[in-house]
Amino acid sequence: MTTSYHVPVMLNASLEALDLGGDVARGGSWMDATFGGGGHSRAILAKLGPGGRLFGFDQDPDAAANALDDSRFTLVAANFRYAPQFLRAHKGLPLDGLLADLGVSSHQFDTADRGFSLRYEGPLDMRMNPGTGEPASAWLAKAEVSEMTQVFRRYGELNRPDKLAHRITAARQEAPLNTTHDLIRVLSPSAPRGKENKFYARIFQAIRIHINDELGALEDLLTQAVGMLKPGGRLAVMSYHSLEDRLVKHFMRSGNFDDDVKRDMKGQIQAPFHPLVRKAIVADDAEMETNPRARSARLRVAERTEWMP
């Protein structure tokens, strides 16, 4: 693993969240849902004894270069939403802990060909796995105004998303939008002065979330975690924008995404998880200074209860 691939965010806090902060070597079965550069996985393995097992998931083919040479570790080249079937096949269930560090890795942002970055001009792709699905350029070439408007409103929380959609449809009649900077140039007249980068970042975020069905995959992971984790097992999720964080917070508290809390006759909450922190954990000032990605990170932690839906 190279440090330039991805610096793990809130590494010590993540280990504490998984109840791996002590000096006692642990056994059991563990999952890193977003392997990436392997920083979190390496630290988890250091806390496990000879009988411990760790499964890392990553749909990005580039992550394979960082696979850890450890007999206790298995790297699965797949989206974490497919974890249950892979874990069953490898006799990895039930899990003692599951960590998910969501979002885009430093490597993906810094590789121009992936199309995630505002800084570098590259193909307008944005796929987490370039081998599946369609690139952002293909979607923007055919999407209706109504669909783009909905995507920009829901995933980018942008004002007047219809105006942006109309700009794109008008521009693509003149020339295809093939690169990241093609899209930026088309939307630049709508960018608020002094807040251009934040404006473009929200547009890129909206398109990326849609192309990769990121919120759908997160909902699948949270729902499936109920059956994958043993009672007392830990679920730790790090998110980077309010859309993800809201889903995580609601599910950990109520067991559903509407945050509809159910109670029994005694007033006790009936939910598959018990949140262990009231407010999301954030990075300290020192980490935010050295790792800019940590500035927007929010870590939430919950413990699997005995309750079954």
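The values are calculated or read from the model by the stated rules, or taken from the named source; none is laboratory data. In this text the structure is predicted, and so the values were computed from the model without any measurement. Backbone-built Cβ (ideal geometry, glycine too); neighbour counts: all protein chains shown.
Here are a few things to note about the model shown:
- Taking the stretch 107-132 as the range and being part of a loop (DSSP other than H, G, I, E, B) and charged (D, E, K, R) as the test, the residues that pass are ARG119, GLU121, ASP125, ARG127.
- Unmet requirement for GLU306, which otherwise passes all of (1) within 18 Å of LEU95 (Cα to Cα); (2) part of a loop (DSSP other than H, G, I, E, B); (3) under 22 Å from the mean Cα position of the chain (by Cα): (3)
- Residue that is modelled with the lowest pLDDT [pool: residues in the stretch 1-26 that are in contact with a strand residue (DSSP E or B) (Cβ under 7 Å, 6 or more places away or on another chain) and surrounded by fewer than 18 Cβ atoms within 10 Å (Cβ to Cβ)]: ALA25
- Test for PHE273: is it in contact with a Phe, Trp or Tyr (Cβ under 8 Å, 6 or more places away or on another chain) and within 23 Å of LEU18 (Cβ to Cβ): yes
To keep it simple, each residue is scored yes or no on (1) touching a helix residue (DSSP H, G or I) at 6+ places or on another chain (Cβ under 7 Å); (2) at pLDDT 95 or above; (3) outside the structural domain of LYS230 (by TED's automatic domain parsing).
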| position | (1), (2), (3) |
| --- | --- |
| SER29 | no, yes, no |
| GLY37 | yes, no, no |
| SER41 | no, yes, no |
| GLY49 | no, yes, no |
| ARG53 | no, yes, no |
| GLY56 | yes, yes, no |
| ASP70 | yes, yes, no |
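- Residue check, ALA191 closer than 29 Å to PRO123 by Cα, without any contact (Cβ under 8 Å) to a residue 60 or more places away in the chain and surrounded by 15 or more Cβ atoms within 10 Å (Cβ to Cβ): yes
- Long-range neighbours under 8 Å by Cβ, at least six apart or interchain, first residue in the same structural domain as ASN178 (by TED's automatic domain parsing) within the stretch 141-156, second outside any helix (DSSP H, G or I): ALA141/PRO176; ALA141/LEU177; VAL151/ALA143; PHE152/LEU158
- Total residues in the stretch 220-238 satisfying the condition of being out of contact with any strand residue (DSSP E or B) (no Cβ under 6 Å at 6 or more places or on another chain), buried (at least 17 other Cβ atoms within 10 Å of the Cβ) and charged (D, E, K, R): the figure is 1.
- For the stretch 274-300, the set of residues classified as touching a strand residue (DSSP E or B) at 6+ places or on another chain (Cβ under 8 Å) and among the basic types (Lys, Arg) consists of ARG298, ARG300, listed by residue number.
- Selection from the stretch 144-184 of residues that are farther than 17 Å from ARG202 by Cβ, small (Gly, Ala, Ser) and surrounded by 15 or more Cβ atoms within 10 Å (Cβ to Cβ): ALA171
- Restricted to the stretch 264-284, and to residues there that are of a type in the set (D, E, K, R) and modelled with pLDDT under 95, the residue that is farthest from MET228 (Cα to Cα) is LYS266.
- Just so you know, in the stretch 28-37 the residues that are in contact with a Gly (Cβ under 7 Å, 6 or more places away or on another chain) and not acidic (Asp, Glu) include one that is farthest from LEU299 (Cα to Cα), and it is GLY28.
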